[in-house]
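Okay, so here's the structure we're looking at.
The values are calculated or read from the model by the stated rules, or taken from the named source; none is laboratory data. Just so it is clear, the structure is predicted and the values come from calculations on it, not from any experiment. Here the Cβ positions follow ideal geometry from the backbone for every residue, glycine too, while neighbour counts run over all protein chains shown. For the accessible areas, the whole protein counts, side chains as well, though only heavy atoms, and no ligand, DNA or RNA atoms are used. Shrake-Rupley method; radii C 1.70, N 1.55, O 1.52, S 1.80 Å.
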Amino acid sequence: MGATLLEVNGLKTYFHLEEGVLKAVDGVSFRIERGKVLGIIGESGCGKSVTARSILGLVARPGKIVGGEILFHRADGSVVDLARLDPQGDEIRDIRGKEISMIFQEPRRSLSPVHTIGEQITEALLLHRTQDHKEAREIAIDMLRRVGMSNPEVRFHSYPHQLSGGMCQRAMIAMALCCRPALLIADEPTTALDVTVQAQIIDLMLELKEQIGMAMLYITHDLGVISEVADEVAVMYLGRVVEYAKTERLFENPLHPYTIGLFNSLPAFSSAKGRLQAIPGNVPIPIDPPPACGFATRCSKAMAGVCDAAVPELVEVEEEHYVRCFLHHEERAVS
């Protein structure tokens, strides 16, 4: 079986609104190998979550994949383009939960309010892993225990409204991991948890990754977490990947002005010697964006007549280090 698990090529997910076309994901490409972790970082509104939802066909209307491909290499050796599947069809339903699972950022919106936590976890197990109800119950309770749920035998019978936000998040993580997926998409998976439980959950996901060869697409605002868990990092801004590199290389030598700005805005990574530097302005709403660098209006190095006149391509500026910036356009363009 080859090393490649998922290939995303030129993915475009647009929302057709009355105000115009919102280009939430606009030509995103990346690759995830089996057993590896790709981290995606960027501010809110940069398209990270829509990218993740596009993979599983979970984009809410009026959003729609309008271009590109999402090639998933299945366990049986076949390759399927997830972007071409019916979001409600049997094939994508067979993949969701079984081969690709997702941990959502807002657990209360993702858990059914009319079914117990145990019912929801065992439903996934009975559908994808075992037909034995007793075994499914035992696996579910064990997973609840492993994600740090107190009194898992009791919580198994609890409804989401009876649990705190952090406990609901733990239940959803247990549900996502119980079928041992080939790919886990984690969208801010530990946001609602305290620091101690965050560490436990991250350790659990990394442990399962090693045990079953699970790959991860890890979305977070926490650069510290990304530095620990990711093998490669994609930096997204305004629906596009603006920098892509091995984790160690990116943290040692960030090149895109946006990536540098993210590092300089955090105490642990700032190069400003004790003085933080906030990125000016906000991420604009990408409705009918002009043909220009999306970061130009916030960039101190923007070049008039260049950055505001065209969209830069992604170029390889050093081995396996790609940057979408005119400051590095003397190198070979790759997409």
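Side notes on the structure shown:
- Rolled with a 1.4 Å probe across the full set of protein chains, the surface gives V197 an accessible area near 20 Å².
- About the Cα centre, charge dipole magnitude for segment 205-330 (Lys/Arg +1, Asp/Glu -1 at Cβ), debye: 640 debye
- Distance distribution note for the chain: the fraction of Cα pairs above 31 angstrom is 34%.
- Residue-normalised accessible area of segment 203-264, expressed per residue, 1.4 Å probe, Å²: 32 Å²
- Reference-scaled alpha-carbon Rg (2.2 N^0.38 Å with N residues) for segment 142-282: 1.21
- Solvent-accessible ranking of K134, K98, largest area first, probe 1.4 Å: K134, K98
- Modelled FRET efficiency - R0 22 Å, K134 with V154, Cβ distances, 0.05 increments: 0.75
- DSSP finds beta bridges in the chain, and of those with both partners inside it, around 65 percent are antiparallel.
- Label sites at R34 and E123, each approximated as a point 7 angstrom past Cα along Cα to Cβ, lie 3.2 nm apart.
- Taking GluC sites (Glu not before Pro) in DSSP loop states with no more than 13 other Cβ atoms inside 10 Å as exposed sites, the chain has its longest site-free stretch at 20-318.
- Converting phi to 3J(HN,Hα) with the Karplus coefficients 6.51, -1.76 and 1.60 and the offset θ = phi - 60°, segment 319-325 yields 3, 6, 10, 10, 9, 9, 7 Hz in sequence order, with x at every glycine or proline.
- Residues with amide H under 5 Å from that of I103, placed H, sequence gap 5 or more: I185, A186, D187
- For the chain, the fraction of 1.4 Å probe accessible surface lying on carbon and sulfur atoms is 50 percent.
- The modelled label-to-label distance between V114 and I287, using points 7 Å beyond Cα along the C-beta direction, is 3.6 nm.
- Cα-based reach from K134 at 15 Å (exclusive), listing aspartates and glutamates while leaving out same-chain residues under 8 positions away: E119, E123, D142, E153
- One decimal place: the segment D231-H161 gains 21.5 nm when fully extended, by the rule 0.36 nm per residue minus the C-alpha distance.
- F15 exposes around 40 Å² of accessible area when a 1.4 Å probe is run over every protein chain in place.
- Under-5 Å amide H pairs with I40, H placed in peptide plane, nonlocal only: Y218, I219, T220, A234
- Local electrostatic count at V79 - Lys and Arg +1, Asp and Glu -1, tallied over other residues with Cβ under 11 Å: -3
- Accessible area per residue for segment 72-171 is 53 Å², calculated with a 1.4 Å probe on protein heavy atoms, without ligands, DNA or RNA.
- With a Förster radius of 30 Å applied to the C-beta separation of A278 and D308, the computed FRET efficiency comes to 0.85.
- A simple rule links phi to the HN-Hα coupling: the Karplus curve 6.51 cos²θ - 1.76 cosθ + 1.60 with θ = phi - 60°, which for segment 241-251 gives 7, 9, 7, 8, 6, 4, 4, 4, 5, 5, 6 Hz, with x for Gly and Pro.
- Straight-distance candidates among the lysines for linking to K48, with alpha-carbon spacing under 17 Å and chain neighbours fewer than 8 residues away dropped: K12, K23, K64.
- Residues with amide H under 5 Å from that of V25, placed H, sequence gap 5 or more: T13
- The residue among T191, V315, P280 whose Cα reaches farthest toward the positive pole of the charge dipole of segment 177-335, with charges on the beta-carbon of Lys, Arg, Asp and Glu, is P280.
- Rounded tilt (10° steps) of 133-146 against the dominant C-alpha axis of the chain: 50 degrees
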